[in-house]
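Structure record follows, encoded as structure tokens.
The values are calculated or read from the model by the stated rules, or taken from the named source; none is laboratory data. All of these numbers come straight from a predicted model, not from anything done at the bench. Cβ placement follows ideal geometry from the backbone for every residue including glycine, while neighbour counts extend to all protein chains displayed.
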Amino acid sequence: MQVMSKPLVIVIGFIGKLPLAGMSLYNIHYIAGLQDLGYDIHYVERQNSAEDCYDPDLDSMTDDPSCAIRYLENLLPGYGIERTRYSFIDRMNTCWGSGWKGLCEALDRAEFVLSLCDPSWFDELERCPRRAFVDGDPMFTQVEMLEGTEKSSVLAKFNILFTYAARMSKQDCTVPDAGRTWIPTRPVVASRLWDVAPGGLGCPVTTVMHWGGGADVAFNDQIYGHKGRSFESFVQLPKRTQESFALALGGSAPRDELLAAGWQLVSPLATTKTIGAYKTFIEQSRADFGIAKHAYVASRSGWFSDRSTCYLASGRPVFHQDTGFGDQVPTGEGLLSFSTIEDVRENLRRIDADYRRHCVAARSIAEEFFESSKVVRRMLLEAGLT
């Protein structure tokens with residue numbers, strides 16, 4: 001009996017270049033969703049610029065791809081991707097893993113290319129005419145396109161664009177379309193990869209975040225910033241609530257001010273260096289305190305955090321800064337939005353009243369609204385890729 005091969009998808013991501021748990025899972029959740037829909041995966045990364053790889057042991061960016069390649073070789077087989085099914089293209093144009101022959105054969109056979117947030121291009125991608133890009137950084141991506149950056153040149157080669165600006169079509173959403181058609185979507189989580197562990201009211205409210213990830217952007221005479229700008233309004237939150245809050249915080253944050261205000265600061269590298277450590281951190285959390293970039297909030301983009309989907313899948317309630325996402329996802333049980341410190345205080349009172357109910361609701365929201373196979377299926381249908 002002849003065994004029929006599964007349809008193949010090329011997924012371009014950044015697992016090896018940013019070998020931290022949250023970044024890995026961002027990609028793995030899409031891969032898992034595609035696999036659940038019956039697709040085989042050929043996974044691809046490319047070094048696009050100098051010092052494009054992060055080495056956790058050195059805690060610095062580097063040109064050396066060896067850490068990235070080693071990480072991929074150790075991680076990917078556990079998610080059904082053997083060495084012949086991944087490719088890492090370094091700055092010397094060497095294709096590790098499958099080699100160029102294997103990658104070109106995969107591109108010739110692939111149904112489509114799905115690039116996850118990382119604007120990578122190499123000419124061999126032209127062998128697959130259907131190419132889609134997922135924008136996880138709305139406003140920043142579109143302004144770059146308007147400014148004609150290298151990212152704009154790369155995205156011009158992708159004929160399908162998805163965006164986490166889920167409210168882009170709404171009148172009050174200020175994210176520009178940059179002259180392209182965008183398909184709104186949301187982050188994904190493969191709930192089968194997350195166990196619901198017992199939690200408790202005695203655990204801290206936590207989050208993992210980076211204070212700043214680059215320069216602010218300007219559009220229509222308004223400045224749009226990063227998470228640090230959003231967080232400024234909540235620095236005094238622990239003093240205002242007498243609750244326990246812990247931050248796995250990266251970037252140039254005002255740590256002394258945060259410690260004085262009562263925030264517990266934990267090592268972001270220790271928290272995210274392995275997927276196991278990341279899951280443990282979430283399991284030992286009472287809820288997620290989801291700060292969004294100022295740009296996502298001010299633009300009313302409807303953006304939602306991929307990190308928060310992990311908390312939901314673990315059965316942890318999520319407090320998420322309001323970006324307008326409530327248009328697409330129900331709030332009130334398991335998922336609660338906030339704009340002010342008083343909103344957070346009210347959210348705490350609500351989950352305290354029936355914590356177990358909110359934990360159950362959190363997992364249900366993950367399965368109904370962020371489940372990878374469901375979200376990806378809808379993406380493919382809307383884009384005509386299936």
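Kindly indicate whether any position in the stretch 326-338 is modelled with pLDDT under 95 and not hydroxyl-bearing (Ser, Thr, Tyr). Yes, the conditions are met somewhere in the stretch 326-338. Of the residues 57, 90, 40, 64, which single one is in the same structural domain as residue 376 (by TED's automatic domain parsing), more than 24 Å from residue 278 (Cα to Cα) and without any contact (Cβ under 8 Å) to a residue 12 or more places away in the chain? One residue alone meets the criteria, 64. Beta carbons closer than 6 Å, at least 6 apart along the sequence or on distinct chains, pair a first residue in the stretch 224-246 that is assigned by TED's automatic domain parsing to the domain that holds residue 323 with a second that is aromatic (Phe, Trp, Tyr) and surrounded by 17 or more Cβ atoms within 10 Å (Cβ to Cβ) for 228/211; 238/245; 238/263; 245/263.
Hey, does the stretch 306-319 have a residue that's assigned by TED's automatic domain parsing to the domain that holds residue 265, free of Cβ contacts under 8 Å to residues at least 60 places away in the same chain, surrounded by fewer than 24 Cβ atoms within 10 Å (Cβ to Cβ) and of a type outside the set (Ser, Thr, Tyr)? No; the residues of the stretch 306-319 include none that is assigned by TED's automatic domain parsing to the domain that holds residue 265, free of Cβ contacts under 8 Å to residues at least 60 places away in the same chain, surrounded by fewer than 24 Cβ atoms within 10 Å (Cβ to Cβ) and of a type outside the set (Ser, Thr, Tyr). For the stretch 294-305, filtered to residues that are hydrophobic (A, V, I, L, M, F, W, C) and crowded, with 24+ Cβ neighbours inside 10 Å, the residue that is farthest from residue 162 (Cα to Cα) is 295.
Of all residues in the stretch 274-295, those that are within 28 Å of residue 225 (Cα to Cα) and in contact (Cβ under 8 Å) with a residue 24 or more places away in the chain have Cβ atoms under 8 Å from Cβ atoms of residues that are assigned to a loop (DSSP other than H, G, I, E, B) and of a type in the set (A, V, I, L, M), 6 or more apart or on another chain, in 295/139.
Listed by first and then second residue, the pairs with beta-carbon distance under 7 Å, at least 6 apart or on different chains, first residue in the stretch 361-383 and without any contact (Cβ under 8 Å) to a residue 40 or more places away in the chain and more than 16 Å from residue 38 (Cβ to Cβ), second crowded, with 20+ Cβ neighbours inside 10 Å and of a type in the set (S, T, N, Q), form an empty list. If you go through the stretch 260-270 one residue at a time, do you hit one that is touching a residue at least 24 places away in the same chain (Cβ under 8 Å), of a type in the set (A, V, I, L, M) and buried (at least 19 other Cβ atoms within 10 Å of the Cβ)? Scanning the stretch 260-270 turns up no residue that is touching a residue at least 24 places away in the same chain (Cβ under 8 Å), of a type in the set (A, V, I, L, M) and buried (at least 19 other Cβ atoms within 10 Å of the Cβ).
To keep it simple, each residue is scored yes or no on (1) surrounded by fewer than 24 Cβ atoms within 10 Å (Cβ to Cβ); (2) modelled with pLDDT of 95 or more; (3) outside any loop (DSSP other than H, G, I, E, B).
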residue	(1), (2), (3)
2	yes, no, no
5	yes, no, no
9	no, yes, yes
22	yes, yes, yes
30	no, yes, yes
33	yes, yes, yes
38	yes, yes, no
44	no, yes, yes
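Please tell me if residue 76 is touching a Ser or Thr at 6+ places or on another chain (Cβ under 6 Å), buried (at least 18 other Cβ atoms within 10 Å of the Cβ) and touching a residue at least 60 places away in the same chain (Cβ under 8 Å).
Numbers: touching a Ser or Thr at 6+ places or on another chain (Cβ under 6 Å): no; buried (at least 18 other Cβ atoms within 10 Å of the Cβ): yes; touching a residue at least 60 places away in the same chain (Cβ under 8 Å): yes.
Here the answer is no, as residue 76 does not meet what is asked.
The requirement of being surrounded by fewer than 21 Cβ atoms within 10 Å (Cβ to Cβ) and part of a helix (DSSP H, G or I) is fulfilled nowhere in the stretch 242-254; no residue meets it. Of the strands (runs of 3 or more DSSP E) lying entirely inside the stretch 257-372, those containing at least 1 residues that are over 17 Å from residue 187 (Cα atoms) span 264-266, 287-290, 335-338.
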